[in-house]
1. Just checking, does the range 288-306 include any residue being within 24 Å of GLY133 (Cα to Cα), within 25 Å of the chain's Cα centre (by Cα) and part of a helix (DSSP H, G or I)?
2. Would you point out the residue of the range 181-194, among those that are within 27 Å of the chain's Cα centre (by Cα) and surrounded by fewer than 17 Cβ atoms within 10 Å (Cβ to Cβ), that is farthest from LEU134 (Cα to Cα)?
3. List every residue pair whose Cβ atoms lie under 6 Å apart, where the two residues are 6 or more positions apart in sequence or sit on different chains, the first residue falls within the range 303-332 and is farther than 30 Å from ALA260 by Cα, and the second residue, located anywhere, is at pLDDT below 85 and loosely packed, with under 12 Cβ neighbours inside 10 Å.
4. Show me the helices (runs of 4 or more DSSP H) found entirely inside the range 67-175 where at least 1 residues are of a type in the set (Ser, Thr, Tyr) and without any contact (Cβ under 8 Å) to a residue 40 or more places away in the chain.
5. Quick check on GLU131: is it modelled with pLDDT under 95, surrounded by fewer than 17 Cβ atoms within 10 Å (Cβ to Cβ) and either out of contact with any Phe, Trp or Tyr (no Cβ under 8 Å at 6 or more places or on another chain) or closer than 25 Å to LEU280 by Cβ (or both)?
6. I'm told TYR317 meets every condition in (1) more than 24 Å from LYS282 (Cα to Cα); (2) surrounded by 10 or more Cβ atoms within 10 Å (Cβ to Cβ); (3) of a type outside the set (Asp, Glu); (4) modelled with pLDDT of 80 or more except one. Can you identify the failing condition by its number?
7. Is one or more of the residues making up the range 247-261 of a type outside the set (A, V, I, L, M, F, W, C), part of a helix (DSSP H, G or I) and closer than 30 Å to SER338 by Cα?
Amino acid sequence: MKSMLCFILFGLMIVSPSNASGEEFKGDHLLPLIASLGLSAPLSFCGERVPTENQEIKERLEKELLLALWHRPQVILWLKRSRRYLPTIEKMLQEYGLPDDLKYLAIAESALRPHVSSERGAIGFWQFIRETGLKYGLTINERIDERRNVISSTEAAIRYFLDLFEKFGSWTLAAAAYNMGDEGLETEIQEQEVSDYFHLYLSIETQRFLFRIISIKLIFSSPEQFGFFLSDEDYYPPIECEMIQLNCLQDIPIRIIAHAANTHFKVIKDLNPEVRGHYLPKGDHELCIPQGMAKGFHDRYQDLVEKWRASREEVIYIVKKGDNLSLIAENFGVPLASLLIWNKLDLKACIYPGNRLIVYREKTHAAETDEIQSSESP
C-alpha cells in the first residue's frame with residue numbers, strides 16, 4: 001500500500017512539475033497526461049500517413065507518447081541538446097534531399113549523445129554497429145571512431161537511408177530496416193506477404209521504433225502543448241569551433257594540440273569525440289578547435305612539437321622474465337599510467353618476455369640514469 005501511494009504521488013508530480021527554468025506553472029500550463037493524447041491533426045512520417053484511425057495503431061502510438069512524457073527530464077534534455085546538434089543534421093539532410101523527419105531517428109537512437117553505446121556494440125549519434133559503420137565509410141579503430149562525430153556519422157546515416165529507401169520504397173520501412181537490419185525486414189515482408197510497416201508483425205523493439213520516433217516528432221513540433229516551456233537561454237548553445245587541417249608525422253599528444261589552441265585537453269576531446277585515447281595518431285586529420293584559435297595555430301603547434309621532440313628520448317624496452325609493468329615504470333622513473341598510455345595497454349594487460357614496450361624519458365632524466373648506471377658498472 002505504501003509503495004502504491006508513493007507511485008501515485010510521483011505520478012501527480014509528473015503531471016504538475018516546474019518548467020525547465022525552475023518557475024512554477026500557474027494553473028493550466030500543463031494539461032493532464034490524458035489530455036496530451038487528444039491529437040486531432042493527421043500524423044505522418046516523412047510524408048507517409050500514420051493510420052491512427054486503426055485502434056491498434058492508435059494504442060501503439062499513445063503508449064510511446066505517454067512513456068516519453070512520463071520521463072520528463074529526458075525530454076527536457078532532448079530539447080536542450082537539440083540546438084547543439086540538430087541544425088547540422090537538418091542542413092545535411094536538406095543538402096541530400098532527404099526528409100527532415102529522419103533527424104528524429106538520431107534522438108530516438110542516442111538522445112543526441114556522442115558516446116552512448118548499446119549492448120550490441122552500437123555507438124554514437126546514429127548507433128552504428130561496427131560492420132555497418134565500416135560499410136558506409138566510417139573510420140572505426142582503437143584510435144579513431146567516427147561514429148562519435150556528428151558530421152561523419154550523419155553522412156554515413158544518409159547513405160544508409162538512401163540505400164534502404166531504394167530497396168524498400170518507403171520511409172517507414174526504411175526506418176524499420178534501420179532498426180532491425182534490411183535482410184531481416186526483407187525476410188519478414190516475404191514471409192508475411194505484407195509490405196506495410198503498420199501491418200507487419202516484427203520484433204517488439206522494431207514495432208515500437210517508429211512510434212517512438214513519431215512521439216518525439218510530436219513533442220518537438222509543439223513542446224508547449226505537452227508542457228515544456230523552454231526559453232532561448234534554456235537551450236544548450238551550438239558548438240562554436242573552427243576546423244583545422246593537421247598532418248601528424250607521428251603520434252602526437254593531444255595536450256600539445258590543446259596548448260597550440262590555447263585551451264585544455266578536455267576541450268579538444270569534447271570538440272572531437274571521435275578521437276580516442278591521449279594521442280592523435282600519425283596521419284592527416286581535420287580537427288575542431290575553439291572559435292578564434294585557428295589564427296597562428298600551426299606556428300604554435302610546430303614550435304610545441306619541436307620542443308617536445310627535443311626534450312624526450314624514445315627507448316624500446318624488451319620485456320624480460322620476471323618483469324611487470326609497475327617495475328618497468330619504476331626502473332625508468334616514469335608514471336605507470338604514462339607507460340600504459342604510450343603502449344595502448346590497460347592495467348589488466350599481460351606482458352611476456354620478448355614483448356617490446358615504448359618508453360619516453362626526459363633527456364635530463366635519461367642522462368642522469370645513464371650516469372648512475374655507468375658509475376655502478378665494475
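1. no
2. To start, the set of residues in the range 181-194 that are within 27 Å of the chain's Cα centre (by Cα) comprises 181-185.
From what's left, surrounded by fewer than 17 Cβ atoms within 10 Å (Cβ to Cβ): 181, 183-184.
Working: GLY181: 15, GLU183: 18, GLY184: 20 Å.
If we take residues in the range 181-194 being within 27 Å of the chain's Cα centre (by Cα) and surrounded by fewer than 17 Cβ atoms within 10 Å (Cβ to Cβ), then GLY184 is farthest from LEU134 (Cα to Cα).
3. Once the first residue is farther than 30 Å from ALA260 by Cα and sits in the range 303-332, no partner that is at pLDDT below 85 and loosely packed, with under 12 Cβ neighbours inside 10 Å comes close enough.
4. Here the list reads 103-110, 130-135, 150-168.
5. Criteria not met by GLU131.
6. For TYR317, the failing item is (1).
7. Within the range 247-261, one or more residues are of a type outside the set (A, V, I, L, M, F, W, C), part of a helix (DSSP H, G or I) and closer than 30 Å to SER338 by Cα.
The values are calculated or read from the model by the stated rules, or taken from the named source; none is laboratory data. Keep in mind it's a predicted model, so treat the numbers as computed, not measured. Cβ coordinates were reconstructed from backbone atoms using ideal geometry, including for glycine residues, and neighbour counts include every protein chain displayed.
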